[in-house]
1. Report ³J(HN,Hα) in whole Hz for each residue of the stretch 142-153, in order, from the Karplus equation J = 6.51 cos²θ - 1.76 cosθ + 1.60 where θ = phi - 60°; Gly and Pro get x.
2. Using alpha carbons only, how many angstrom separate the centre of the stretch 50-69 from the centre of the stretch 111-146?
3. With angles folded into 0 to 90 degrees, how steeply does helix 178-194 sit against the dominant principal axis of the chain? Use alpha carbons for both and round to 10.
4. Rg to Rh for the stretch 1-117: what is it, with Cα atoms only and Rh by Kirkwood?
5. Could you work out how far helix 304-315 tilts from the main Cα principal axis of the chain, as a 0 to 90 degree angle to the nearest 10?
6. Given Cβ point charges of +1 (Lys, Arg) and -1 (Asp, Glu) and nothing else, what value in debye, to the nearest 20, does the dipole of the stretch 142-268 about its Cα centre take?
7. Most mobile of G266, G101, G303 per a Gaussian network model of the chain (Cα springs, under 10 Å)?
8. Can you show me the helix-derived [θ] at 222 nm for the chain, built from DSSP H runs with n ≥ 4 at -39,500 (n - 2.57) apiece and divided by the number of residues, rounded to the nearest 500.
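The values are calculated or read from the model by the stated rules, or taken from the named source; none is laboratory data. It should be emphasised that the depicted structure is a prediction, and the values quoted were computed from it without experimental measurement. Here the Cβ positions follow ideal geometry from the backbone for every residue, glycine too, while neighbour counts run over all protein chains shown. Please note that ligands, DNA and RNA were not included when accessible areas were found on the heavy atoms of the full protein model with its side chains. Shrake-Rupley method; radii C 1.70, N 1.55, O 1.52, S 1.80 Å.
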Amino acid sequence: MRPGRVALAGRNDAMTCIGPADLSTLAAAVMERLSCTALVVAEPLLPYSALLQRRATPDQKIIVPRDSESRASLHDIPLIAATDGHSLPDMIATALACRKGAIVSGVGMVAHGALTVEQAYIGWSSLYHATCIKYLEDLLAYGPQLSEEADTIKQLLAPLPAINGEQPDFCSASLTDATSIIRELAAVGRATVKMGLVDSFFGNISYTSHDTLYISQTSARLDELEHQIDPIPHDNSSTAGITASSELPAHRAIVAATGCRAVLHGHPRYPVVMSFFSSSTEHEGIDQVCGIPVVGGEGGQGGLAQTLPRAFKLSGKRTVIVRGHGVFCIGQDSFSEPFAALVSVERACRKEYQQRLARLIVDRS
């Protein structure tokens with residue numbers, strides 16, 4: 001969010017609004033028209049949502065991101081612009097009555113929370129992730145279309161910055177007791193969020209020791225995992241799996257297929273974008289980008305428990321990209337390798353993106 005351009009409205013027995021006058025006034029007006037608890041109105045730090053709206057056709061009312069998180073939770077994102085005879089708060093409230101958030105011309109993005117302020121924040125963060133993925137994909141697929149994209153393209157083609165900070169010093173030996181495992185999972189989760197390798201603070205992580213798989217709970221914050229880890233016995237003698245991540249079947253299948261102990265799943269931006277531009281190979285029909293396997297499949301029981309283990313086994317790689325979703329990385333005994341791999345695949349895919357975008361611009365000039 002751009003500093004100074006964030007407003008938050010919350011309601012219990014009375015409404016409270018904070019933020020700059022124009023945004024907080026808008027937030028309050030929208031809240032009066034909705035039966036929700038919280039609303040976030042904020043201008044994104046990057047201009048991708050505004051550029052998506054300007055690239056849209058005059059009659060286009062929504063954009064439809066293709067990343068799996070958006071398809072599962074956002075479905076589509078309304079585009080709202082003030083028009084003669086229509087109240088902007090009315091238009092926003094109408095859109096939010098059936099969607100979690102919207103892009104608003106000249107304002108930024110708005111998202112609501114039905115029950116908590118955190119829901120509004122998560123909704124806004126999901127919008128931000130979705131619009132970043134959508135803009136980067138559209139730019140590489142169709143090229144620049146606006147004169148005001150010049151500065152954005154210049155920034156996208158700038159040399160990659162140095163990695164922000166050194167890799168954390170994770171445990172290098174096998175972990176055996178529950179306390180050490182949970183402490184390590186929490187440390188890795190915090191580092192993953194700090195490096196910006198997830199959508200908001202979501203992802204999942206697991207470690208297997210003896211006959212138990214320790215995995216983050218569904219919807220758990222990766223930067224607050226100390227009390228959000230479920231121990232799942234391999235013999236299913238516990239009901240802990242009820243609250244475990246929806247990716248539990250995939251984690252179990254990966255461990256069974258590879259013999260690894262550590263599994264880390266994040267949503268780094270550029271691998272998700274580049275997964276839409278992967279190319280097929282002759283090696284067992286597995287697509288790839290930057291030499292990394294790319295597979296399809298949805299979370300939960302949607303196929304990842306079949307496609308991911310196969311890709312890990314056939315490729316011999318320690319990293320696999322799920323198209324439109326994110327990256328799974330594995331480590332034999334510790335998280336040092338999968339964490340480094342998650343950072344590496346983000347940088348490799350960003351470099352590939354830059355090279356393809358530069359060629360596209362040259363070809364069209």
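1. Values, residue by residue: 10, x, x, 10, 10, 5, 6, 7, 4, 5, 5, 5 Hz.
2. Centre-to-centre distance over Cα atoms comes out at 10 Å.
3. Roughly 40 degrees, rounded to the nearest 10.
4. Values: Rg = 13.7 Å, Rh = 14.5 Å.
Over the Cα atoms of the stretch 1-117, Rg/Rh equals 0.95.
5. With both axes taken from Cα atoms, the answer is about 60 degrees.
6. Around 140 debye, computed over the stretch 142-268.
7. Among G266, G101, G303, the largest GNM mean-square fluctuation belongs to G303.
8. That comes out to -12000 deg cm²/dmol.
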